[in-house]
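Coordinate-derived values only; no laboratory data. Here the structure is a predicted model, which is why all the values come from computation and not from measurement. We place every Cβ from the backbone using ideal geometry, glycine too, and count neighbours over all the protein chains shown.
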């Protein structure tokens with residue numbers, strides 16, 4: 001499993017996260033055909049790809065404005081757990097977390113039976129919370 005976390009530009013705190021099961025490619029950019037869509041003027045339509053290479057991941061920069069790690073522009077490199085990429089020199093920052101299947105299995109065994117998630121409790125409810133108000137999806141009670 002791989003988790004991408006968009007970080008706040010000033011405080012580096014999480015703003016939004018996306019979690020993917022082992023996909024072969026995860027695309028990030030402005031275009032709606034990407035798995036992660038970021039609306040920013042400095043982000044290209046197809047800015048960067050995370051590609052699964054066996055049991056590892058690699059990052060491939062596709063954007064004209066570049067992809068940066070620790071202030072250095074990269075074109076392609078292996079992904080390390082916890083690394084932070086920046087799309088363009090002044091664009092959004094994304095932290096990457098990789099969870100190997102063995103880690104996932106160990107964690108599940110250590111926790112034992114977990115409590116059911118919201119969807120497991122009632123899969124018919126699709127609620128969205130906006131400014132602390134509960135709004136149900138159209139067409140539902």
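The mean sequence distance of close C-alpha pairs (under 8 Å, at least 6 residues apart), as a share of the length of the stretch 2-102, puts its relative contact order at 24 percent.
Three semi-axes describe the equivalent ellipsoid of the stretch 29-83; taken as square roots of 5 times the Cα gyration tensor eigenvalues and ordered largest first, they are 19, 14, 9 Å. With R₀ fixed at 30 Å, the C-beta to C-beta distance from residue 77 to residue 32 puts the FRET efficiency at about 0.65. For the stretch 1-51, the C-alpha radius of gyration divided by 2.2 N^0.38 Å, with N the number of residues, is 1.15. Distance distribution P(r), the stretch 2-102, all Cα-Cα pairs, bin width 5 angstrom from 0: 3, 13, 26, 29, 20, 7, 2, 0 percent.
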